[in-house]
Amino acid sequence: MTRLRVAIQKSGRLSDKSLDLLKSCGLSFARSKDKLFWYGRDFPVDVLLVRDDDIPRMLLDGVCELGIVGENIASEVMLERNSKKDLNCLRKLGFGRCRLSLAIPEELEITSLSELRGKRIATSYPALTRHLLEKLDLRTEIVELSGSVEIAPGLGTADAISDLVSTGTTLRANHLRELEVLFESEAALYGRVNGISEAKQQLLTRLLARLEGVMQARECKYVMLHAPREALEKITQLLPGVEHPSIMPLEGSDRIAIHAVCGEAVFWEHLEALKAVGASAILVLPVEKMLA
Ligand code: PRT
Ligand code: ZN
């Protein structure tokens, strides 16, 4: 029987969310003893648990058909192997967001990037950093480090760093200042471009439809409210991502009930604006599943 293999991070920032996402797509697994291979029970998709850095290589080497990994790592490996076309970004997944930034010691009085020309930049992303800096017409000396990049300027082994940042706490703690964002990254589902049989492709299409439904449902909210009939047009405009809401009369009242699936995030500001044009009894509910 046709089966697909998806590689996810074994333990780290992406692990829980990757697994949650697969489970939300209706997948469940029989876990093997060594816990590195989980057999898909209800849907023929198995999971391999590995280090995130190995995922793009496993895809390129044909060990699995799918992988969930940060765009930073996928881009690094594709550039390193000079094989930009062999990994297909099938869907960005909205978690694991971070940026690859150039950072310099706080006390360094540099205002423009060009002042870094010829300087030593420490990074764990040598191929990506070199590629992005060359696009900015900046030639530097890349110092490759596998970890603790942020301490390199303090140790005198580099003048600046190119490293992942999310809150910026690590930079501040090491007296570094973010000079320029080079690359924005989030976790994404990648697939191999070549060498997938027709049957596997069909299975992949089914999985992607489920994934799309899950992702849309996460972004969507079901909104219910009461409103004066004459406010309908204004209310429809105020509901984010809605064109045709359902309208229901309210027994014994000249007000109507409006129900709608909002395709974009619903914030408190939206609810306040709805209230201001006459809406009441406003309820916002999560959507569990959706199949368009
Ligand atoms: O063992 P394995 O190799 O699988 O894991 P790992 O240790 O290499 O990776 P992990 O779990 O740390 O990160 C996995 C992926 O999460 C990365 O490849 C990115 O795509 C994404 N990600 C999101 C991040 C961060 N946010 C992040 N903040 N990866 C690393 N960081 C680092 C950052 O460089 C800093 O050192 O976390 C530290 C805290 O960041 P601040 O800015 O919040 O201080
Ligand atoms: Zn890693």
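The values are calculated or read from the model by the stated rules, or taken from the named source; none is laboratory data. Just so it is clear, the model here is predicted, and its values are computed rather than measured. Backbone-built Cβ (ideal geometry, glycine too); neighbour counts: all protein chains shown. These area figures cover heavy atoms from the full protein model, side chains too; ligands, DNA and RNA do not enter into them. Shrake-Rupley method; radii C 1.70, N 1.55, O 1.52, S 1.80 Å.
In table form, for the structure just shown:
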quantity	calculated
Count of residues meeting criterion [open to solvent by 70 Å² or more (accessible area, probe 1.4 Å) and either farther than 21 Å from A217 by Cα or in contact with a Phe, Trp or Tyr (Cβ under 8 Å, 6 or more places away or on another chain) (or both)] in segment 1-60	16
Qualifying residues in segment 14-70 (those that are without any contact (Cβ under 8 Å) to a residue 12 or more places away in the chain and charged (D, E, K, R)) - the one nearest to ligand 2 (Cβ to nearest atom)	D16
Residue in segment 67-76 that is under 20 Å from R210 (Cα atoms) and open to solvent by 10 Å² or more (accessible area, probe 1.4 Å) present	no
Residue that is nearest to the chain's Cα centre (by Cα), among those in segment 85-143 that are among the basic types (K, R) and within 21 Å of T170 (Cα to Cα)	R97
Members of segment 172-191 found to be closer than 23 Å to H131 by Cα, within 8 Å of ligand 1 (Cβ to nearest atom) and among the hydrophobic types (A, V, I, L, M, F, W, C), listed by number	A187
In segment 1-44, residue farthest from the chain's Cα centre (by Cα) [restricted to those that are within 15 Å of ligand 1 (Cβ to nearest atom) and among the polar types (S, T, N, Q)]	S11
Meets criteria (under 18 Å from V181 (Cα atoms), without any contact (Cβ under 8 Å) to a residue 60 or more places away in the chain, away from ligand 2 (no atom under 14 Å from the Cβ) and of a type in the set (A, V, I, L, M)) for A122	yes
Boolean, L128 is among the aliphatic types (A, V, I, L, M) and either assigned to a loop (DSSP other than H, G, I, E, B) or away from ligand 1 (no atom under 16 Å from the Cβ) (or both)	no
All positions within segment 131-178 that are loosely packed, with under 15 Cβ neighbours inside 10 Å, within 30 Å of L66 (Cα to Cα) and without any contact (Cβ under 8 Å) to a residue 24 or more places away in the chain	K135, E144, S146, G147, S148, T167
